[in-house]
Each structure stands twice: as C-alpha cells, then as structure tokens.
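Below is one structure; the comments refer to it alone.
The values are calculated or read from the model by the stated rules, or taken from the named source; none is laboratory data. Being a predicted model, the structure only gives us computed values, none of them experimental. Counting neighbours? That spans all protein chains shown, and the Cβs are built from the backbone with ideal geometry, glycine included. Calculation scope for accessible area: heavy atoms of the full protein, side chains included, ligands and nucleic acids excluded. Shrake-Rupley method; radii C 1.70, N 1.55, O 1.52, S 1.80 Å.
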Amino acid sequence: MGKKNKKFEWTRKHLLGLRDLTAEEIGFILDTAEGFEQVSTRSIKKAPTLRGRVVVNLFFEDSTRTRVSFGLAANRLSADVIDFSKTSSSVSKGETLLDTARNLEAMGIDIVVIRHCAGGAPKLLSKNINASVINAGDGFNEHPTQALLDVYTIRKERGSLKGLKIGIAGDIAHSRVARSDIWAMTKLGAEVTLIGPPTLMPGKVEELPVKVCYKLDDVIEELDVINMLRIQFERMGKAQFPSVREYSHFFGLTVERMKRAKDDIIVMHPGPINRGLEIESQVADGANSVILKQVSNGLAVRMAVLFLVNQAAMKRQKK
Amino acid sequence: MKEILSAEQIEKALSDLVNRIALDIDPNTEVAVIGIRSRGEILAQRLVKKLSEKLKREIELGVLDITLYRDDINDPQGETQPTVRSTEIEFDISDKLIILVDDVLYTGRSTRSALDALMDLGRPKAIRLAVLVDRGHRELPIQADYVSCRVDIPEALKVSVHLTETDDVDRVTVK
C-alpha cells in the first residue's frame, strides 16, 4: 500500500482557485480525500478532527449542493458551522462584504467558505481577514471544490487523467466550473475540448490550454469523459442562442448521440440539471452517468480541503 | 545508533506474541487483527498470518489510520505534517475481540487515538493491544496486553522500527 506524496507538505491556508496550484498539490488533495471517504460510510459518521473550529458558510448566491455539502463536511469533522445568507443578514441593510466578514471574524471564526457573484471576492477577503478562506464559487472565475470533485470522480473511475480526452460542453462563458475544470484537468494530464456555440465561449478562449469545437457531433466519438454544463439562464442577459430547442438539437446529450459515443464514456454534470435541455433524462440517469457519485465524492473532497487549510493555518500560527 | 532487535529476534518475538495471544483466545470467540498505520499495519499482516495458522482458522485483518483522531491536529508538534490515509476495515468490528497492533508504545497518545477511532466504527467485545517494543515514558494511563520487548529508552532518543516490506531490512534501532 505504498502511497505517493509521502514527503509532500501542504502549506496553503486558503483555497481560492486551482489556477495557481501545482499538479502535485491537486494530487495531494485527491489522495487526502480518499482517506475521508470512509467517514461517511461507517456506523458513526463523524470524526473529532476539527472540534472547536468554527466554519462560516458565507453564501451571497443561491446554492443547494455546495452549501449542504460544505456544511455536512464540516459537521462530520465536528466543526461548528454557521450558515449565513444574504437575504437574512445585514447585507440587505447595505453592509459591505469586508465589514460583514470582519464582524464575523471578531466573533472568532476559523474558516470562511464564500460564494459570491463577483469574481475575486474570496481573494479580497483572504487579504483582509485572518481566517482561512475557501472559494465556493466566485462570479465567472473559479469553483475549485467542484473541479476537484470532478477530477476525483474521474480518477476513481479510470485511475488517472493522463491522456484522457475530456469534453466540457455548454455555457462555458458563464461557467466558473468550466474554468476550474480546465485548470485541474489539464494539470493532471488530460486533453480538454470546449464544446458550445461561439456565443457561449469565453473571451480570450485561445489563451486557455484547450481545444475548441462548435459542434458536439464532431467530437462525441473520441471523448472519454463529457461534462455537460448547465445553461445558466439567470446569468444570461439577452438570448445567446436562437432557441432552447435549437440548443438541445446541436449541443444536448441525447440518447441518439450517446449511441455514437464510446461505450464507457463517463457522463458528468455539476448540477442542477435542466432535464431535456442540455441532457436527456435517460442519459442523466443512465449507466454511464456518474452525476450522483460526483455529489457523494464532493463530501470527501470538501472534508479534505477543510482539513488541509486548517492544518496549514494552525502550522503558521505556531511559527 | 544501536540495534536493540535483529531480524531473527523480531521473527521470534512475533511468534512468541502469537503464542501468547492464541492461549488467551477462546475457540468460540470471533477475532480480528487491526494494525495502526504504517508500521503496525505490516506487523499486523505478519501476525495475522501466524495467528491464522496457529488457530487453524482465517482471521480477518484491517488497517487503521488515526490521523483524524490525533490530539495534535490543532496544535502541531514537530516538523512533519500528518498525512490522512484510508482506514481499510472491511468487516464489522462489533462483538469481536480486536487485537490492535502497533510497532512502538511510547506516550500512549497514538493508542488513545486508535481506541477512539475504533469506537466510531462499532462496539467490539474487547480490544487488546499488542506491540513490538514498549519503550516506557507514558503520558497517558495506557498499557499493552502483549509486549515483545520492554526497554526503557530516554525521551531524547528515537526508536526506529525497520521492516523489510518498506525498509528492505528487519531491525529495531535506537538513536
């Protein structure tokens, strides 16, 4: 049972994005997450690791999966969890992000998990408070823990990402998941192709380490993994494609299209799903789908991230 | 550096341990061996093989990672960062007699962590502790049930257990 990364030392107190992480660091988080999986499967689903630490879920945007997942991850490690949402707090009275965070910090919190509509909000926070900051999605920038659970899921299915052809299809422009995925997947050795209409491609796409394809049919046959992103109606101003029907005709993952894909293609989706739009129900619930496994794995990955940032913070305090 | 146990002595010590453990086991009792990562794991592998032969029945083996239960997670001691690895216990420990195996018994803190970790997995009938070396200087009220080598080693010195599976050689040294 020889394990890689034995001598590796984790030093990051915050997790703001994957762009700046090395392949080794990403691999170390995934290795660590493996150790946390069993906490969720045994008779007492709790470990005392973060006892006495306080984790604040600071969510300025709606979320089901990420928020519950972080909350449960922190609970399973015995931390105290405070849930904070925009509508029921003083943010609705006009308090700024930094004031809110500083006030929370004055009460003695250790880790802030933040989701914010502005890209860079977690970074700003990390420079102004002493607590550890974990990015749970900022604007169109990054959503590191989602990408970590994506690569964790692929690694569990295939052993490694080296040489895999991965397609990320849909609304890339509005997707922080896509951005974090691109960093994580390419750093771990996969070849990433973005698939979608030109209107949903991000600006400066040529600067990203990816291929671009405007028709799902052109690449479906060669993909080992396909990650179907959600069409984010709430972020789109005016129409960026002619009609929903046309979109699903060209870019939807249908039963028909799946017949042309490799037999063992891994179908992923970060959720929430627009059934019948970007993915047909039979495909989302089919044998190739790992969509619910992604959610379970998210728990182990988030426990690992909470554990690691806390460990780095403690170590710094000591020095 | 001084050698306190040679390869031969380790082999003999393990056989002695197994004999003593076997004497205490009632034929009707369900037994399982669990090693504490990482050297305890290897010792447990060897021990379970001998014990299965001795008792003429298959004894289950598990591996316990105690990182999540350490008492210095929020108060790091020393330079090395603990790495979380997986606990691999594929059977229900409830109502079984568990032989917990570690290489060196020192402060007793790892044993404390291991006991807490085991309790979260179920309710064993009993837990017995078997160690290769008891070097003294306990910080917690914990004692082993089976000890191969009892020796008082001053706190300033380090006891290292080398095992062929990971270190190419069997021996225990003091430095």
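The set of residues in the stretch B:38-81 being at the interface with another protein chain (Cβ under 8 Å from one of its Cβ atoms) and open to solvent by less than 40 Å² (accessible area, probe 1.4 Å) consists of B:Glu41, B:Val63, B:Asp65, B:Thr67, B:Leu68, B:Tyr69, B:Ile73, B:Pro76, B:Gln81. Candidates A:Val68, A:Val112: the one that is in contact with a helix residue (DSSP H, G or I) (Cβ under 7 Å, 6 or more places away or on another chain) and assigned by TED's automatic domain parsing to the domain that holds A:Asn130 is A:Val112. A Cβ distance below 6 Å, combined with a sequence gap of six or more or placement on separate chains, defines the contacts here; from the stretch B:129-150, residues that are closer than 25 Å to B:Lys12 by Cα reach residues that are in a loop (DSSP other than H, G, I, E, B) and open to solvent by 50 Å² or more (accessible area, probe 1.4 Å) in the pairs B:Leu129/B:Asp145; B:Arg135/B:Tyr106; B:Gly136/B:Asp152. Candidates are the residues of the stretch B:115-129 that are more than 12 Å from every other protein chain (Cβ to nearest Cβ) and either of a type in the set (S, T, N, Q) or out of contact with any Ser or Thr (no Cβ under 8 Å at 6 or more places or on another chain) (or both); the one that is most open to solvent (accessible area, probe 1.4 Å) is B:Arg128.
Checking the stated criteria, A:Leu98 turns out not to satisfy the condition of being closer than 24 Å to A:Ala147 by Cβ, surrounded by 14 or more Cβ atoms within 10 Å (Cβ to Cβ) and not polar (S, T, N, Q).
Based on this model, can you work out whether B:Ile66 counts as free of Cβ contacts under 8 Å to residues at least 60 places away in the same chain and under 14 Å from the mean Cα position of the chain (by Cα)?
yes
Between A:Ser40, A:Ser78, the distinction of being on the phi > 0 side of the Ramachandran plot, more than 8 Å from chain B (Cβ to nearest Cβ) and open to solvent by 20 Å² or more (accessible area, probe 1.4 Å) belongs to A:Ser78 only. Filtered by the rule that a residue be of a type in the set (S, T, N, Q) and within 14 Å of chain A (Cβ to nearest Cβ), the stretch B:82-114 gives B:Thr83, B:Ser86, B:Thr87, B:Ser94, B:Ser113. For the stretch A:17-36, the criterion of being more than 14 Å from chain B (Cβ to nearest Cβ), within 26 Å of A:Ser180 (Cα to Cα), buried (at least 22 other Cβ atoms within 10 Å of the Cβ) and more than 17 Å from the chain's Cα centre (by Cα) is satisfied by no residue at all. Run down B:Val161, B:Val84 and say which single residue is outside any helix (DSSP H, G or I), in contact (Cβ under 8 Å) with a residue 24 or more places away in the chain and out of contact with any His (no Cβ under 9 Å at 6 or more places or on another chain). B:Val161 is the lone residue from the list that is outside any helix (DSSP H, G or I), in contact (Cβ under 8 Å) with a residue 24 or more places away in the chain and out of contact with any His (no Cβ under 9 Å at 6 or more places or on another chain).
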